[in-house]
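Step one of this worksheet: look at the structure below.
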């Protein structure tokens, strides 16, 4: 089993269109319950609009804070799922079940398993004990 | 080119006949595409030395299988990055400990492994150019350099494309399996699309001097035949194989000795490859008997009608127009609509054909579609409008990158005066 991050990218729309989109909520209630029951759903979150986003970067050790998202794009990250799936086919199948896929793009990204992360770091010469894997992810 | 000495010939033969089979099975056993491919490559390199020293083994395929598996074990021992490495090692070591190499694996296992490889290489999560490259590399056994040359890209670019595809297969866990029944028809369509794209890339090279890149046509035909063996119940698999064979039968007649394109109606029919035609017609018949019509079968039937007519004038254009009509119903596309208009023009006169072109000419997406303007020109010429025809030829010429097609369009335009 592997984990996949499903990123929901959609255009931010005016309130009338948004109200139409809200109509899928009962479908989502059902879908999330069925994903949970099947043991696939690790987590799901919906995000506030990018108007409320703040970006942080370190500049000479100082936090530089800017209002707004990482990049200004037409389609923005509106929410995400983490699913536990057998393989990519399964993850793509679940992505296609999301009612938002009618207007949004669902980007499916494989998650690096904690022990792979540890291995990659060690290969890069980082000295880490085996237990580090517990805290890493 | 057939190598001169018997050892090289045996290795070339094993490479052609056994490589994909050994690779397909080893990918499943080792659980890693790249590792299996490297191991098979190692095994063939080892064969060069060992076979020269000890003679060609009685069963070259079994020798390569064993050698590749041992190389895979060595590589797995060294490479700690494979996720379920211990499990894989145990399985490979167990297989290696079986003293007798089973002469042939269960036939069904070989079939399944090759199908797994086909469906993985043609997985929709890979970009189309990557699917094509991976299929040619893993199933066709073409080298990265050969694929790069066939698609006119630099070898490092093609190398990166293939490596990236294999990494995505591993990282995203693209499964190594034949799709479940409910997905199978869709996924098989995708596989056929890859094979036909390889064929078309070879048949009507869009750029460059040569009109046909033969190695791609041959490779696509081989892949089509492989699929007929692996998925014998699917009518469209046979339909595609028939279609490619019937097109390819005319390969020698499509270009004249000076490299100029020759239109179907002007081709020297004695140059058509009768073996390929027989083979193609037999496959089409087989497809039709399965009673599941589809677009490749329709296209093959159209091509068969063109080929079976004694000459261009006696071709049954009315029936061809009808088959194109069925094709439009099944899968409407500008290409099919255009061909239908041409067939209708030949069956029922240029005015009827021109009428069908009207919506296509009005579609801004097709403004830069060269064949549309070439066909428009031809219909206008036959309708007795040389000025209109000349304009349309000009538009077609401006959109042609293929030197052979360009020469033909210029010749036709010249003939208007």
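Taken together, the values in this text are just the output of simple stated rules run on the coordinates, not laboratory data. Note that this is a predicted model, so its numbers are computed, not measured. Don't worry about glycine lacking a Cβ; one is built from the backbone with ideal geometry, like all the others, and counts go over all protein chains shown.
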Original post:
Between segment A:87-137 and segment A:1-23, how many Å separate their Cα centres?
Top reply: 21
**OP:** Starting from the Cα of residue A:47, step 7 Å along the direction of its Cβ; do the same at residue B:163; then give the gap between the two resulting points in nm.
**Re:** 3.2
Original post:
Based on DSSP H runs of at least 4 residues, each adding -39500 (n - 2.57), what is the mean residue ellipticity at 222 nm of chain B after dividing by all its residues, to the nearest 500 deg cm²/dmol?
Top reply: -22500 deg cm²/dmol
Subject >> For chain A, calculated [θ]222 nm from helices alone, where every DSSP H run of n ≥ 4 adds -39500 (n - 2.57) >> reply: -9500 deg cm²/dmol
**OP:** Report the relative contact order of chain B, percent, no decimals, based on alpha-carbon pairs under 8 angstrom and at least 6 residues apart.
**Re:** 10
**OP:** With a Förster radius of 45 Å, plug the Cβ-Cβ distance of residue B:361 and residue B:154 into 1/(1 + (r/R0)^6) and report the FRET value to the nearest 0.05.
**Re:** 0.75
Subject >> Whether segment A:2-62 is rounded, prolate or oblate, judged on the alpha carbon gyration tensor where a/c under 1.5 counts as rounded >> reply: oblate
**OP:** Give me the distance between the Cα centres of segment B:308-341 and segment B:27-54, rounded to whole Å.
**Re:** 48
Subject >> Under 19 Å from the residue B:390 label point (7 Å along Cα→beta-carbon), backbone N, segment B:356-383 >> reply: B:373-383
**OP:** Specify the residue with the greatest mean-square fluctuation among B:87, B:405, B:107, computed from a Gaussian network of chain B linking alpha-carbon atoms under 10 Å apart.
**Re:** B:107
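Quick one: grab the alpha carbon gyration tensor of the protein assembly as shown, order the square roots of its eigenvalues as a ≥ b ≥ c, and give me rounded if a/c is under 1.5, else prolate or oblate depending on whether a/b is larger than b/c.
Values: a/c = 2.07, a/b = 1.25, b/c = 1.65.
In terms of gyration-tensor shape, oblate.
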Original post:
With axes computed from alpha carbons, what is the tilt in degrees of helix B:274-289 against the longest principal axis of chain B, rounded to the nearest 10 within 0 to 90?
Top reply: 80
Original post:
Of all DSSP beta bridges in the protein assembly as shown, what percent run antiparallel (nearest 5)?
Top reply: 95
**OP:** Measure out, as a whole number of angstrom, how far apart the alpha-carbon centroids of segment A:32-62 and segment B:350-411 sit.
**Re:** 54
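Between residue B:94 and residue A:109, what FRET efficiency comes out of the Förster formula 1/(1 + (r/R0)^6) with R0 = 45 Å and r the beta carbon distance, rounded to 0.05? Before the final figure, lay out the partial values.
Values: r = 35 Å, r/R0 = 0.78.
In this case the efficiency is close to 0.80.
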Subject >> With Cα atoms, 0 to 90° folded angle of helix B:60-78 axis to chain B main axis >> reply: 70
Original post:
Mean separation of Cα pairs under 8 Å and 6+ residues apart, divided by the residue count of segment B:51-180: what relative contact order is that in percent?
Top reply: 21
**OP:** Once you have the Cα-Cα distance between residue B:351 and residue B:184, take 0.36 nm times their residue separation minus that, and quote the gain in nm to one decimal.
**Re:** 55.8 nm
**OP:** Given the options A:102, A:122, A:36, state which has the largest fluctuation in a GNM of chain A using a 10 Å cut-off (strictly under) for Cα springs.
**Re:** A:122
Subject >> Compactness of segment A:22-113 as Cα Rg over 2.2 N^0.38 Å, two decimals >> reply: 1.32
Original post:
For the pair residue B:271 and residue B:171, how long in nm is the line joining their label points, each one 7 Å along Cα→Cβ?
Top reply: 4.9
**OP:** Report, to the nearest 10°, how far helix B:295-308 tilts away from the longest principal axis of the Cα atoms in chain B, using its own Cα long axis and a range of 0 to 90°.
**Re:** 60
**OP:** Go ahead and run the numbers for FRET between residue A:124 and residue B:319, Cβ-Cβ distance against an R0 of 41 Å, rounding to 0.05.
**Re:** 0.05
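Assuming a ≥ b ≥ c are the square roots of the Cα gyration tensor eigenvalues, decide whether segment B:318-379 counts as rounded (a/c under 1.5), prolate (otherwise, with a/b larger than b/c) or oblate.
Verdict is oblate for segment B:318-379.
Counting alpha carbon pairs within less than 8 Å and at least 6 residues apart, what relative contact order, in whole percent, applies to segment A:66-137? Kindly include the intermediate steps, with their values, before the conclusion.
Working: 20 pairs, mean separation 15.3, N = 72.
Averaging sequence separation for qualifying contacts and normalising by length gives 21 percent for segment A:66-137.
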